[in-house]
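Contents: one structure, followed by commentary.
Each value in this text was obtained by applying a stated rule to the coordinates, not by laboratory testing. Worth saying up front: this structure is predicted, and the values here are computed from it rather than measured. No Cβ is skipped: glycine too gets one built from the backbone with ideal geometry, and neighbour counts run over all protein chains shown.
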Amino acid sequence: MNKVFAFVQKNIGESFFTIFGLFIGWKFVLLIILWLSVIFLPLGSGNNFLGGGVERYSLDPAVFAWANFDGEHYLSIAIFGYKDLEQAFFPVYPKLISFFSSPFQGDLFMAYFSATFMGLLISSTAFILAILLFWDLVLIDYPKKVAFWTLMFLLVFPTSFFFSSLYNESLFLLLTVASFYSARKGRWGFAGSLGMVASATRVFGILLLPALLVEAYQQKIPLKKFLWLSLIPLGLLGYMVYQWQTVGDLLAFYNLQTIVGNQHQLGGVLLPQVFVRYIKMLLTLDMSNILYQTIFLEFISGLLFFILPVVGYFKKMRISYLIFAFLGFLLPATAGSFSSLPRYVLVLFPSFIVGGVVVANLPKPIKFVTMSILFIWLVVEASLFFRGYWVA
């Protein structure tokens, strides 16, 4: 056993054990939060979006609680294919779930159970791979101390539990980090191909195109390597063609946003208007209302992820990173609301690097207080999500 340990340590490095230890600790904490929330927290009153449906959730909340809200849509697509009003959910993640779970489907309960289990396995596997690669990406420009605190900031962020849920955040993070990592290492074929899959996983994937074009320009690569980046939009374009063939609307994923997220508006809304709207809500809404904590989290997420790229600019972060981080924040914000933003920002890895730089250089007492607040917030938000309360 000691020889095996020494071999792994030599060939993978001590960083693997640090990262894997952080992942296991984070996962264990989330399982404890789930267990306690099921015991002590009543179900939300609007429980129509419980994972697997109310009956299946009640039979096994330890499994289906991870698939609440949007997880229900991913399960439905994986099991039954696309139905009306589900085109806002991009295909790569549910199709992966369908591929791996279909051999184990029997009756309806087993179909839901196997799809949920495989979806959670895909999410967790993608996340551990993503943070391993993320660590190496950070180390290209920063010391290990910053890499450590970047991951800590990501893991204790109040909505980080979505990385372990039946959502596509983990898969998308893996694809975007891997695409940037490939670009930084000069592997432009991989960068473009991974970007193509990312743009078929979430609409945010298209933002890799301007970001990596800037990266390619800064690296002064030859024109033939630039052409690999033309692959990135093909994932989105392929999904648009599929929507045209099935529902007659190339932009169904966009036009349905007002239905799947009723606070969103079609067209653009100026960012200051969104901030003013949230300030008014925070000043007028009763703090005892359960929605207040959601609105407060959305406002803080909006403010923080607007500021972090600005701080990154002054700290000389790579322009390609800043473009991805700022456009990734701006794209959902200009829909007129920060609704779901606390989840959307999870994949904006450059902002977490800036956060890691800031946290790494804080005095120890302030660092402890900051991370403690984030951890407590994570406990609250995860508990609410597991029991059917809207978080993001």
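Sequence-distant or interchain residues sharing an amide H contact under 5 Å with Trp390, placed H: which?
It is none; the list stays empty.
How large is ³J(HN,Hα), in whole Hz, for each residue of the stretch 188-197 in order, when computed from phi with the Karplus curve 6.51 cos²θ - 1.76 cosθ + 1.60 and θ = phi - 60°, using x for Gly and Pro?
3J(HN,Hα) across the stretch 188-197, in whole Hz: 6, x, 5, 4, x, 5, 5, x, 4, 5.
Within the set Lys280/Lys315; Lys145/Lys367; Lys280/Lys316, which residue pairs have Cα atoms separated by over 25 Å?
On the way: Lys280/Lys315 33 Å; Lys145/Lys367 13 Å; Lys280/Lys316 35 Å.
Result: Lys280/Lys315; Lys280/Lys316 exceed 25 Å.
Does the stretch 274-378 classify as rounded, prolate or oblate by the C-alpha gyration tensor (a ≥ b ≥ c root eigenvalues; a/c under 1.5 gives rounded; else a/b over b/c gives prolate, otherwise oblate)?
Oblate is the answer for the stretch 274-378, as a/c is 1.5 or above yet b/c matches or exceeds a/b.
Rg over Rh of the stretch 181-229, using C-alpha atoms and the Kirkwood radius, what does it come to?
We get a ratio of 0.95 for the stretch 181-229.
Could you point to the residue in Leu327, Gln105, Val146 farthest towards the positive end of the chain's charge dipole, with +1 and -1 charges on the Cβ of Lys/Arg and Asp/Glu respectively?
Val146
Arrange the peptides 182-190, 160-168, 378-386 so that the one whose residues have, on average, the most other Cβ atoms within 10 Å appears first.
Descending mean neighbour count gives 160-168, 378-386, 182-190.
Calculate one ³J(HN,Hα) per residue across the stretch 378-384 by plugging θ = phi - 60° into the Karplus curve 6.51 cos²θ - 1.76 cosθ + 1.60, and present them in order as whole Hz with x for glycine and proline.
For the stretch 378-384, the Karplus-derived couplings read 4, 4, 5, 5, 5, 4, 5 Hz, x marking Gly and Pro.
Give me a comma-separated list of calculated 3J(HN,Hα) values for the stretch 38-44, in order, Karplus coefficients 6.51, -1.76, 1.60 applied at θ = phi - 60°, integers in Hz, x for any Gly or Pro.
5, 6, 10, 10, x, 5, x
Extension gain Leu331-Asn47, at 0.36 nm per residue separation less the Cα-Cα distance, in nm?
Here the answer is 99.3 nm.
If the chain between Thr125 and Lys224 were fully stretched, how many nm would it gain, using 0.36 nm times the residue separation less the Cα-Cα distance?
32.3 nm
Just add up the charged neighbours of Leu209: K/R +1, D/E -1, any other residue whose Cβ is under 15 Å from the Cβ of Leu209. Mind dumping the intermediate values first?
Values: positive: Arg202, Lys225; negative: Glu215.
My count for the surroundings of Leu209 gives +1.
Helix-derived [θ] at 222 nm for the chain: sum -39500 (n - 2.57) over DSSP H runs of at least 4, divide by residue count, nearest 500?
That calculation yields -22500 deg cm²/dmol at 222 nm.
Using alpha carbons only, what's the Rg to Rh ratio of the stretch 183-337 with Rh from Kirkwood?
1.05
Length gain on complete extension for the stretch Trp244 to Val269, per 0.36 nm per residue less the alpha carbon to alpha carbon distance?
Result for the pair: 6.3 nm of gain on full extension.
When N counts the residues of the stretch 33-97, how does its alpha-carbon radius of gyration compare numerically with 2.2 N^0.38 Å, as a ratio?
Normalised Cα radius of gyration, the stretch 33-97: 1.20.
In 20 Å bins starting at 0, how do the alpha-carbon pair distances of the stretch 2-386 split up by percent?
Reading upward from the zero bin: 26, 61, 12, 0.
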